[in-house]
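Heads up: the structure comes next, in structure tokens.
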Amino acid sequence: MAENHVVFRLRSSDVVHGFSLKDFGVFITEGIQPGKSTLVTFRADKTGIFTFSCNSICGDKHENMQGTLVVKA
Ligand SMILES: [Cu+2]
């Protein structure tokens with residue numbers, strides 16, 4: 001397995017959420033169902049600071065559901 005192969009296991013404890021990491025072409029379209037794990041894999045083939053966010057309308061705080069992924073060499 002290559003060093004830059006990344007696996008995220010995404011889970012929700014309340015409602016259906018989404019996940020988007022557009023810089024690496026990652027888009028969860030079927031939603032992250034509560035109580036289930038959704039695996040996301042991608043190759044972190046570039047370094048930098050990248051934004052990920054929820055791409056499923058999940059409630060009042062949906063717009064705040066984002067974070068940063070830091071990929072270092
Ligand atoms: Cu959301």
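The values are calculated or read from the model by the stated rules, or taken from the named source; none is laboratory data. Quick caveat: nothing in here was measured; it's all calculated off a predicted structure. In this analysis, Cβ positions are derived from the backbone assuming ideal geometry, glycine residues included, and neighbour counts consider all displayed protein chains.
For the reader, a short list of remarks on this structure follows.
- Subset of the range 41-54 (residues that are among the hydrophobic types (A, V, I, L, M, F, W, C), surrounded by 11 or more Cβ atoms within 10 Å (Cβ to Cβ) and more than 14 Å from the ligand (Cβ to nearest atom)): 42, 44, 50
- Restricting the range 15-40 to residues that are more than 13 Å from the ligand (Cβ to nearest atom) and of a type in the set (Val, Ile, Thr) leaves a set whose member that is farthest from residue 60 (Cα to Cα) is 40.
- Boolean, residue 57 is of a type in the set (Val, Ile, Thr) and within 16 Å of the ligand (Cβ to nearest atom): yes
- Every residue from the range 20-35 that is modelled with pLDDT of 95 or more and loosely packed, with under 12 Cβ neighbours inside 10 Å: 25
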